[in-house]
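Down below is the structure, laid out as structure tokens.
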Amino acid sequence: MSPGPPASAPFGRRLLEVAGIEELGAYRILRVADPSGPEPAAGQFAMLAAAERWGGGEGERPFLGRAFSIARFSAGEAHYLLEDVGPGTRRLCELSAGEGIWVTGPLGRGFSSPEPGRRAILAGGGVGIAPLAILQDQLEREGTEPTVLLGFRDRPRVAGAGLLRGARLATDDGSAGHHGRITELLEAELERDPVAVVYACGPAGMLEGVRELCERSDVPAQLALEAGMACGFGACYGCVVPRRGGGYLRVCLDGPVIDGAELDHIEAHAGAPW
Amino acid sequence: MSVQFCGLELAHAVINGSGTFDVIAARRAFGDGLSGRFPFAAFVSKTITLQPRQGNPPPRLWETPAGMINSIGLPNKGLAGYLREDLPELTGMVGDPTLTADGQARPVPLITNIMGSSATELAELIEACDARSEISAIELNVSCPNVATGLDIGADPRQLEAVVRAVRGLTGKPLIVKLTPNAADVPACALAAEEAGADAVSLINTLRAMALAPGAVDGRPWLGGRTGGLSGPAIRPVALAQVAAVARRVAIPVVGMGGVQSAADARQLLDVGATLVAVGTESFRDPAAGASVARGLL
């Protein structure tokens, strides 16, 4: 498997315009007009910041940009999936069509296509389903139909499943699909047919469950990690995760998609606490 | 008009703060977008130590009002790895000609930032840098505990003077001492560096700071390194005060930095006596921030 062709970002942040923002249950889909930007590879991300009033929210924040997977890219628009969890995401959720937004990206290394003969299983949790949508688009263009398993906490979040096609669901509260963890659905899938590649993105606990299950089942896993980042382009060394065998990987530069075999354990604090 | 700094001719007055811009990583992220558009008039490397360092365990970052705390822990390949692997990648960079008054594209000199916890370590680092023509100047990070006393070398004027004096004669290249702001009397430290033979001082480094784990009620620190360094516009007024005080005290050039986001911020540091200005944290928010600052100074 060759790594997804990494699109180089234009140097410097770019002032783009919000094309629109739509509700999707507890989430928002932020659409940013980017008619001249490079086409991202599935799994790449961008650093976002509102052009106006970035700061002055809770705790006199946000200050740094926020890293978001590109959920979809079509017709000159990049789509991002947002959930209001802090001052940065709150401000982005408030944006409306016509407002300015700073974008640095696309950044990072994306997903690689499955080896011939292996089927793709997409496993996403919560707002982390975002990069699996653009991956589903790509795989379908390549003529393969991935299995899609999505997990959500509760009913308002289940609406997020609308971002992908044909998903089977698991919910923590039993409000839709399987009452339980996404890893239980995944385990059943891998028992049925283990000749697969798992593409996963979601909260740290879920990713660790997927990583451990895939390792035990000897199935390759491509994990899109989340991390609090200051820069997104390898300068700050702030977003590291421990690499199996010692040392650290920069999520922004060596990832965000990292081969599960490169990781021993995904720490619970991984992710962006702000 | 170019800027003279310790015998180097720089295209303009804006450089990067050590550890806030990684040329090799930026090439991977931005590809050809960086070539011929390098925003800084000189490039300052991350801190290089004699032995390789992994850096601190994560979490390494925290966002604060108008700033951030980092606890990175100076990860680097060590001197040998730096010279062998990184140095060839850091040479031959060309600056953005639109940032200069005469529109000329100039080569970007490399300033290598080093840290050692003893005079012996520092001597080895300096001699190795001195032997490499690709390195135009050496910046000494003295925000490092003395292995014997546990105190930051740079926080004590007498200790700082002894360390600089011990290594000064080992290189003919310009020697810049990066001062720590976590000292009782920063101008006294600057003067000590000057008297020991430093060619320039740079300041301010980050302010020691701490954040607690979200929701923790036991005072547990969030950062893997327990404490970290505060940077960003939150520290700009501190930087202005310390740069002004140091520039009044010493005759050697001063590199001013701390929370610079715009040409107006840079201008203030120049107005109080800095010869060069470094952009640090703002490059995290916009990789091309240095170019905006330099353009605004034209």
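The numbers here are math on the coordinates, done by the rules we state, and not lab data. These numbers come from a predicted model, not from an experiment. Cβ atoms come from the backbone with ideal geometry, glycine included; neighbour counts cover every protein chain shown.
Structure notes:
- Label sites at residue B:127 and residue A:145, each approximated as a point 7 angstrom past Cα along Cα to Cβ, lie 7.1 nm apart.
- Shielding by other protein chains, A:58-64, mean Cβ within 10 Å: 5
- Between residue B:226 and residue A:155, the modelled label-to-label distance comes to 4.9 nm, taking each label 7 Å out from Cα in the direction of the beta carbon.
- Peptide B:27-38 has a mean shielding of 5, counted as Cβ atoms of other protein chains within 10 Å of each residue's Cβ.
- Per residue, the average separation of C-alpha pairs within less than 8 Å and at least 6 apart gives region B:1-56 a relative contact order of 37 percent.
- FRET efficiency, residue B:4 to residue B:80 (Cβ-Cβ, R0 45 Å, nearest 0.05): 0.85
- Where trypsin sites (Lys or Arg not before Pro) fall in DSSP loop in region B:81-163, at most 15 other Cβ within 10 Å: B:132
- Base-10 log of normalised Debye intensity for region B:76-144 (one unit scatterer per alpha-carbon) at q = 0.17, 0.27 Å⁻¹: -0.68, -1.23
- Net charge in the neighbourhood of residue B:221 (other residues with Cβ under 14 Å of its Cβ; Lys, Arg +1, Asp, Glu -1) is +3.
- Measuring nothing but how far apart in sequence close Cα pairs (under 8 Å, 6+ apart) lie, relative to its length, region A:1-159 scores a relative contact order of 31 percent.
- DSSP beta bridges confined to region A:119-262 are antiparallel in about 20 percent of cases.
- Residues whose amide H falls under 5 Å from that of residue A:151, counting only those 5 or more places apart or on a different chain, are A:124, A:125, A:126, A:170, with hydrogens built in the peptide plane.
- Every pair of different Cα atoms in the protein assembly as shown enters the Kirkwood calculation, which places the hydrodynamic radius at 24.6 Å.
- Modelled spin labels at residue B:54 and residue B:134, positioned 7 Å past Cα toward Cβ, are 2.7 nm from each other.
- Student exercise, chain B dipole from Lys, Arg, Asp, Glu Cβ charges, in Debye to nearest 20: 400 debye
- The mean sequence distance of close C-alpha pairs (under 8 Å, at least 6 residues apart), as a share of the length of region A:119-262, puts its relative contact order at 20 percent.
- Beta bridges per DSSP, both residues in chain A: antiparallel share near 60 percent.
- For chain A, convex hull of alpha carbons as volume per residue, Å³: 119 Å³
- About the Cα centre, charge dipole magnitude for the protein assembly as shown (Lys/Arg +1, Asp/Glu -1 at Cβ), debye: 680 debye
- Look at where the Cα atoms of region A:226-245 and of region B:37-65 average out, and the two centres are 12 Å apart.
- Charge dipole (debye, nearest 20) of chain A; +1 at Cβ of Lys and Arg, -1 at Cβ of Asp and Glu: 420 debye
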